[in-house]
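Structure first, then comments.
The values are calculated or read from the model by the stated rules, or taken from the named source; none is laboratory data. Since the model is a prediction, treat every value here as computed from it, not as a measurement. Ideal geometry is used to build each Cβ from the backbone, glycine not excepted, and the neighbour counts take in all protein chains shown. SASA here: full protein model, heavy atoms, side chains in, ligands and nucleic acids out. Shrake-Rupley method; radii C 1.70, N 1.55, O 1.52, S 1.80 Å.
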Amino acid sequence: MSLFRPRGLAALLATLLPLALAAQGSRGTITGTVTEAESKLPIAAAQVTILGTTITTTTRADGSYRIPNAPAGTVELRVLRIGFSDARRSARVVAGQSVTVDVAMTKVAVQLTPVVTTATGTQDRSTVPNQVPTIAVPTLVEEAPIQNIADVLVAKVPGVSVISGSAVGAGPRIRIRGQASLSLGNAPIVIIDGVRANSDNQLAFGTGSSPTSRLNDINPEDIETFEVLRGPAASATYGTDAATGVLVITTKKGRVGAPRFNLYTEQGLVQDRNEYPDAFTMWGRNLAGTASQDCFLITLAANTCRPDSLTTFNLWRDRRASPLQNAYRFVYGANVSGGNDAVQYFVSGETEGTNGTLTIPLFDRERLQRQGIALEDAWVNPNAYTRSGARVNLDLRLPANIQLPIRTAFTTTFFRSPQDGNNTNGLGSHAFGGPGTFNRTTAAGDSLGGYRLFTPGDIFQQTTEQVAHRFVGSVNPTWTPTDWLLARAALGIDYTGSTETNRCLRDQCPNFGQNRLGFVNIGRGRAFQYTAEATATATFRPLSWLNTRTTGGFQFVNVTSDAVNSTGSQLPPGGQTISQASVFSADQGTTIARTAGVFLEQNLTFRNNVTLVASVRGDNNSAFGRNFGTAYYPRVGATWSVQEEKWFPWRDRINQFRVRTTYGQAGLRPG
């Protein structure tokens with residue numbers, strides 16, 4: 001059965017478009033200025049909408065706006081801007097003439113973004129029945145030192161937990177409303193400017209440390225808003241991958257006006273101020289009382305060790321043994337925005353970097369120098385991260401009521417991951433398991449400095465590095481053929497290419513297994529995410545007290561990743577490449593996941609303060625199998641803005657009081 005009937009669709013368009021075009025003649029123009037009520041200062045980037053239509057515009061830097069195709073008759077304008085209560089004004093539009101409507105907006109204490117952006121388009125927040133927390137990132141960046149996405153989210157949204165990585169450049173672990181599955185992934189999906197984006201935490205060669213994350217590629221200075229979708233509302237909008245939640249990121253765009261430049265820099269000192277536990281050693285003698293030895297629980301229980309003293313040592317606080325250093329962080333960035341009524345632009349560039357707080361301690365450097373081993377920077381700074389990126393955002397206003405937003409971003413990152421976590425050769429296994437004394441030595445007579453078996457001078461000789469190049473691009477055209485119909489599309493790609501190396505050269509690294517025979521691992525990976533989406537929204541005001549909004553659309557997402565890993569072990573002295581090794585191995589893999597879905601949403605708003613919403617999405621995924629069929633994700637909801645009722649007793653004291661409810665279904669595709 002075909003989902004589309006071309007002849008019927010053509011007949012419908014042939015009927016509606018002439019009517020729409022005929023209506024274009026009965027048009028007028030609305031102009032005006034939006035200002036702050038108290039100071040009379042202009043308000044830029046305020047959204048001005050004619051209720052009951054798809055016609056909307058934003059104010060310029062001087063607060064002015066212009067709507068050239070307003071329908072003739074009495075219309076109602078609604079003006080929205082973050083930090084201000086919404087304002088409404090009525091206007092009488094005469095065909096072929098212009099009318100001026102100035103608006104003064106009142107500041108409010110609660111800073112809420114007045115609109116939310118999802119796959120069904122931009123909607124007034126008061127008509128959305130589910131909670132959509134929104135973070136105004138530009139304000140956040142001005143008030144606090146924000147380095148990455150984890151800093152944007154942490155302690156900002158209820159129900160969202162963020163666990164930052166233990167190393168510089170490591171990716172955060174983000175969970176929305178806890179775990180959704182015991183066996184499948186629980187990380188939320190990420191949408192950047194309407195396009196599905198790569199947010200994987202992945203490092204091909206395990207170090208026991210936190211892996212890097214593609215979320216770190218995103219420059220917080222480029223973000224305009226950050227929204228979080230949860231529960232059934234996420235699945236009903238974004239499909240079978242969205243049961244774990246959705247992070248919707250909208251980047252900045254240019255404003256009409258003269259070029260506005262912004263230059264910034266950051267220079268910082270990074271210190272590890274954690275309190276690490278002491279190590280203890282219980283000393284005693286054997287039954288004969290002649291030999292000193294360590295007393296363990298097993299020897300105490302067997303009465304073969306008689307304790308007589310206890311020593312304690314904290315290598316983290318000892319100047320000779322501590323693997324900690326003061327790290328240096330830098331940021332240099334610039335952006336410029338501006339434009340005219342036809343073209344607006346936002347262009348930015350930034351580079352940042354830091355070396356990590358781990359290093360080789362003093363006693364170990366002296367040992368390596370005595371052995372004639374030259375220190376390499378990768379050993380002295382086993383954890384490092386740098387990122388450089390550029391963004392170009394264009395907004396074009398074309399003839400025939402077509403708008404063409406274009407978003408492009410390119411990022412290059414370098415990440416060196418330390419051997420510091422749950423790893424037999426890692427720092428954690430030996431720094432926290434060491435004796436309570438600095439004076440324990442190896443069989444060769446070298447000090448262990450309070451470490452258990454291996455010291456940082458050997459541990460950090462194993463280096464793991466990743467270099468990644470990423471491009472994210474999207475085109476999001478919108479077409480408004482009539483004042484009641486809005487068509488929108490989204491086409492985009494997110495590509496990441498990475499190279500990872502993990503190596504120990506001959507006679508380097510901890511003496512465990514065959515490590516000191518030398519090995520080199522190299523992994524190359526590519527990840528593609530394609531998005532194609534088309535939606536249409538019809539907005540009507542059949543009665544003075546009723547607004548209707550119907551949205552239907554189609555979405556296709558293709559996620560493809562492939563990787564090739566090769567390993568060479570038993571290197572000759574001085575050997576550094578896989579081709580020089582005596583033993584070789586290689587593997588490769590490709591993963592493809594495709595999701596195609598259609599969705600339909602109906603909104604009914606009564607008296608501008610009560611909204612009913614019903615939606616459904618049907619998905620087919622490549623992991624479902626041939627006989628599974630289509631997965632459906634329905635949702636119903638309602639919201640009531642009580643403070644707008646005339647009988648509400650505290651209208652002059654409460655800016656917002658809403659009652660809302662949502663019920664629906666969500667699900668995860670098989671792994």
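Worth a mention:
- Test: residue in the range 635-643 that is open to solvent by 60 Å² or more (accessible area, probe 1.4 Å), at pLDDT 90 or above and β-branched (Val, Ile, Thr): yes
- Which numbered condition Asp494 fails, given (1) touching a helix residue (DSSP H, G or I) at 6+ places or on another chain (Cβ under 9 Å); (2) open to solvent by 50 Å² or more (accessible area, probe 1.4 Å); (3) in a strand (DSSP E or B); (4) not basic (Lys, Arg): (2)
- Among residues of the range 399-427 that are in contact (Cβ under 8 Å) with a residue 24 or more places away in the chain, those with a beta-carbon under 6 Å from a residue that is part of a strand (DSSP E or B) and basic (Lys, Arg) at least six positions away or on a different chain give the pairs Gln403/Arg397; Ala409/Arg391; Thr411/Arg470; Thr413/Arg387.
- Meets criteria (closer than 30 Å to Leu404 by Cα, outside any strand (DSSP E or B) and hydroxyl-bearing (Ser, Thr, Tyr)) for Thr437: no
- Filter result (more than 30 Å from Asp364 (Cβ to Cβ) and among the polar types (S, T, N, Q)) within the range 510-533: Gln529, Thr531
- Scan the range 85-122 for residues that are at pLDDT 75 or above and either assigned to a strand (DSSP E or B) or in contact with a Leu (Cβ under 7 Å, 6 or more places away or on another chain) (or both) and the total you get is 16.
- Where strands (runs of 3 or more DSSP E) sit wholly within the range 269-383, those with at least 3 residues that are closer than 22 Å to Ser417 by Cα occupy 327-339, 343-354.
- Only a single criterion out of (1) touching a Phe, Trp or Tyr at 6+ places or on another chain (Cβ under 6 Å); (2) among the aromatic types (Phe, Trp, Tyr); (3) loosely packed, with under 15 Cβ neighbours inside 10 Å is not satisfied by Trp484, namely (3).
- Residue check, Asp619 surrounded by fewer than 16 Cβ atoms within 10 Å (Cβ to Cβ), part of a strand (DSSP E or B) and acidic (Asp, Glu): no
- The condition (being of a type in the set (Phe, Trp, Tyr) and surrounded by 22 or more Cβ atoms within 10 Å (Cβ to Cβ)) is satisfied by just one residue among Phe432, Phe410, Phe415: Phe415.
- Identity of the residue in the range 88-104, among the charged types (D, E, K, R) and surrounded by fewer than 16 Cβ atoms within 10 Å (Cβ to Cβ), that ends up nearest to the chain's Cα centre (by Cα): Arg88
- Selection within the range 607-616: residues that are more than 15 Å from Arg125 (Cα to Cα) and either more than 31 Å from the chain's Cα centre (by Cα) or small (Gly, Ala, Ser) (or both). The member of this set that is most open to solvent (accessible area, probe 1.4 Å) is Arg607.
- All positions within the range 616-671 that are free of Cβ contacts under 8 Å to residues at least 24 places away in the same chain and among the small types (Gly, Ala, Ser): Gly618, Gly625, Gly629
- Selection status of Leu612, in contact with a Pro (Cβ under 9 Å, 6 or more places away or on another chain) and not β-branched (Val, Ile, Thr): yes
- Test for Arg594: is it basic (Lys, Arg) and surrounded by fewer than 16 Cβ atoms within 10 Å (Cβ to Cβ): yes
- Ala534 vs. criteria touching a residue at least 40 places away in the same chain (Cβ under 8 Å) and surrounded by fewer than 17 Cβ atoms within 10 Å (Cβ to Cβ): yes
- Residues that are more than 15 Å from Pro477 (Cα to Cα), without any contact (Cβ under 8 Å) to a residue 60 or more places away in the chain and of a type in the set (A, V, I, L, M, F, W, C), drawn from the range 487-506: Cys504
- Selection from the range 29-50 of residues that are among the hydroxyl-bearing types (Ser, Thr, Tyr) and in a loop (DSSP other than H, G, I, E, B): Ser39
- Sole residue being without any contact (Cβ under 8 Å) to a residue 12 or more places away in the chain, open to solvent by 30 Å² or more (accessible area, probe 1.4 Å) and out of contact with any Asp or Glu (no Cβ under 9 Å at 6 or more places or on another chain), chosen from Pro572, Pro542: Pro542
- Among the candidates Thr357, Thr304, residue that is open to solvent by less than 30 Å² (accessible area, probe 1.4 Å) and either of a type outside the set (D, E, K, R) or farther than 30 Å from Tyr65 by Cβ (or both): Thr357
- Residue, nearest to Ala631 (Cα to Cα), within the range 225-268, restricted to residues that are among the polar types (S, T, N, Q) and part of a strand (DSSP E or B): Thr250
- Matching residues, the range 441-459, being modelled with pLDDT of 90 or more and either closer than 16 Å to Arg516 by Cβ or in a loop (DSSP other than H, G, I, E, B) (or both): Asp446, Leu448, Gly449, Gly450, Tyr451, Arg452, Leu453, Phe454, Thr455, Gly457, Asp458, Ile459
- Restricting attention to the range 260-298, the residues that are in contact (Cβ under 8 Å) with a residue 12 or more places away in the chain and open to solvent by less than 80 Å² (accessible area, probe 1.4 Å) total 18.
- Checking Thr100, Thr74 one by one, the residue that is out of contact with any Phe, Trp or Tyr (no Cβ under 9 Å at 6 or more places or on another chain) and in contact (Cβ under 8 Å) with a residue 60 or more places away in the chain is Thr100 and no other.
- Here the condition is being small (Gly, Ala, Ser) and either under 30 Å from Ser348 (Cβ atoms) or open to solvent by 50 Å² or more (accessible area, probe 1.4 Å) (or both); of Ala443, Ala378, it holds for Ala443 alone.
- When residues of the range 38-79 are limited to those that are more than 34 Å from the chain's Cα centre (by Cα) and β-branched (Val, Ile, Thr), the one most open to solvent (accessible area, probe 1.4 Å): Thr74
- Exclusive hit being open to solvent by 20 Å² or more (accessible area, probe 1.4 Å) and closer than 30 Å to Leu453 by Cα, set Gln344, Gln369: Gln369
- Hits in the range 212-236 - residues which are open to solvent by 10 Å² or more (accessible area, probe 1.4 Å) and more than 15 Å from Pro172 (Cβ to Cβ): Asn219, Glu221, Asp222, Glu224, Thr225, Arg230, Gly231, Pro232
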